[in-house]
Structure formats: C-alpha cells, structure tokens
Amino acid sequence: MQPFEIKQYPFYNNLKVEKKTKQQLLDQRYLKMAEIWAQNSYCKRRQVGALIVKDKMIISDGYNGTPAGFENICEDEENKTKSYVLHAEANAITKVAKSNNSSDGATLYVTSSPCIECSKLIIQAGIKRVVFTENYRLEDGINLLKRAKIEIVQVNTSLGGYKDE
Ligand SMILES: [Zn+2]
C-alpha cells in the first residue's frame with residue numbers, strides 16, 4: 001500500500017493547487033478584459049470597465065457613460081462628472097435587465113471598487129462575487145457588499161498579485 005499512498009498524496013495536492021490557480025488566472029484575465037473594455041468610455045476624468053460572468057460566460061459588459069440617446073460627454077463646463085452619468089457596474093447590470101439573461105449568482109468584474117450606489121444594485125441583482133483591481137476612494141460600497149456576504153476579491157493585474165478578502 002505504501003507506494004500507492006505516496007503517489008496519491010502529491011496528486012491530490014497538485015489538483016487542489018491547480019484548481020485555485022485556474023480561478024486566479026480566470027479572474028486576472030477577465031479583469032484585464034474589463035480594463036480593455038474601460039477604454040470604450042468617452043469619459044475623460046475616469047474610465048471604468050465591468051463584465052458580468054456566469055457559468056464561464058460573459059453575459060454582460062459596461063463602461064461608465066451617459067444614458068442611451070444622450071450626448072457622449074460625461075463632464076460639464078466645470079469638468080465635473082454629470083449627475084446622470086451611469087457607472088460601469090450600473091450599465092452592466094441594467095444591460096442584463098434588458099436581456100434574457102439573469103445575473104443571479106454571477107460574478108462582477110470591475111476595474112475600480114464599486115461605490116455605494118452600485119453596491120446596492122449588485123446586491124439586488126443577485127451577484128455573489130465581486131472582483132476588482134483599483135481601490136475607489138470610498139470604502140462604504142465594499143463595506144455594504146461585505147455586509148451582504150458577497151465574496152470580494154481584489155486582483156492587481158499589473159503586478160499579477162492576488163488579495164483575497
Ligand atoms: Zn458606482
């Protein structure tokens with residue numbers, strides 16, 4: 001029995017490690033896609049991108065911008081962001097609402113940590129996991145997600161680092 005046991009142990013270990021690394025790789029790649037998607041934003045002050053992934057399928061995407069039909073200018077004369085600009089997460093979530101998909105149980109990838117308004121939408125949309133890169137200046141959005149028991153993962157795509165919360 002001895003050789004069998006020796007073989008079995010590292011094999012099991014490798015499997016576990018491989019499984020974790022695969023999710024980390026997926027997280028980093030989806031986030032990189034969200035970063036590229038952010039480039040679609042015509043907002044000058046900040047460009048944020050978001051993807052909603054469910055069962056390894058991208059079911060929605062979004063970037064910050066004005067509502068459909070409005071001029072593609074996010075800033076007013078004083079270079080302040082207009083009040084009716086939608087955040088990337090809000091655009092991605094409302095795009096699901098318009099589709100035949102459901103965000104229930106999905107993962108949201110967003111280049112910047114969600115604000116309090118978007119966090120409310122994330123909770124109500126049934127999103128169970130939020131993966132983001134950059135820390136937004138306010139923490140109240142993240143704190144609300146934590147209270148709702150949503151899994152939060154911060155990934156640093158530039159350094160390849162991984163911070164699990
Ligand atoms: Zn927001």
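Just so it is clear, none of the values below were taken in a lab; they were calculated from the coordinates. Because the structure is a prediction, the values reported are computed rather than measured. Ideal geometry is used to build each Cβ from the backbone, glycine not excepted, and the neighbour counts take in all protein chains shown.
Would you check which residues across the range 72-87 are touching a residue at least 12 places away in the same chain (Cβ under 8 Å) and within 16 Å of the ligand (Cβ to nearest atom) and list them?
As a first pass, look at the range 72-87 and keep what is touching a residue at least 12 places away in the same chain (Cβ under 8 Å): 72-75, 79, 81-82, 84-87.
Within the range 72-87, CYS74, THR81, LYS82, TYR84, VAL85, LEU86, HIS87 qualify.
For the range 75-104, how many residues are over 13 Å from the mean Cα position of the chain (by Cα) and assigned to a loop (DSSP other than H, G, I, E, B)?
Going through the range 75-104, the residues over 13 Å from the mean Cα position of the chain (by Cα) turn out to be 75-86, 94-102, 104.
With assigned to a loop (DSSP other than H, G, I, E, B) added as a condition, the list becomes 76-80, 82-85, 99-102, 104.
Residues flagged as over 13 Å from the mean Cα position of the chain (by Cα) and assigned to a loop (DSSP other than H, G, I, E, B) within the range 75-104 amount to 14.
Hey, can you tell me all the residues within the range 101-126 that are more than 21 Å from ALA38 (Cα to Cα) and of a type outside the set (Val, Ile, Thr)? Steps first, answer last, please.
Applying the first criterion (more than 21 Å from ALA38 (Cα to Cα)) to the range 101-126 yields 101-102, 104-105, 120, 123-126.
Hits for the range 101-126 are ASN101, SER102, ASP104, GLY105, LYS120, GLN124, ALA125, GLY126.
Name the one entry in LYS128, LYS98, LYS54 that is farther than 21 Å from LYS149 by Cα, surrounded by fewer than 21 Cβ atoms within 10 Å (Cβ to Cβ) and away from the ligand (no atom under 13 Å from the Cβ). Talk me through it step by step, then tell me what you get.
Working: LYS128 fails: farther than 21 Å from LYS149 by Cα; LYS54 fails: farther than 21 Å from LYS149 by Cα.
One residue alone meets the criteria, LYS98.
Mind checking whether some residue in the range 58-67 is β-branched (Val, Ile, Thr), closer than 18 Å to ILE142 by Cβ and in contact (Cβ under 8 Å) with a residue 12 or more places away in the chain? Working first, answer last.
Residues of the range 58-67 that are β-branched (Val, Ile, Thr), as a first pass: 58-59, 66.
Among the residues that remain, those that are also closer than 18 Å to ILE142 by Cβ are: none.
So far as the range 58-67 goes, no, none of its residues is β-branched (Val, Ile, Thr), closer than 18 Å to ILE142 by Cβ and in contact (Cβ under 8 Å) with a residue 12 or more places away in the chain.
Inspect the range 34-41 for any residue being aliphatic (A, V, I, L, M) and within 21 Å of ILE150 (Cα to Cα) and give the result as yes or no. Give the derivation first.
Step one: of the range 34-41, the residues aliphatic (A, V, I, L, M) are 34, 36, 38.
Next, from what is left, pick out any that are within 21 Å of ILE150 (Cα to Cα): 34.
Yes, the range 34-41 contains a residue that is aliphatic (A, V, I, L, M) and within 21 Å of ILE150 (Cα to Cα).
So, in the range 105-122, of the ones that are in a loop (DSSP other than H, G, I, E, B) and out of contact with any Lys or Arg (no Cβ under 6 Å at 6 or more places or on another chain), which residue ends up nearest to the ligand (Cβ to nearest atom)?
From the range 105-122, those in a loop (DSSP other than H, G, I, E, B) are 105-106, 113-115; that's our starting set.
Going one step further and asking which of them are out of contact with any Lys or Arg (no Cβ under 6 Å at 6 or more places or on another chain), we end up with 113-115.
Details: SER113: 9, PRO114: 5, CYS115: 3 Å.
By that ranking, first place goes to CYS115.
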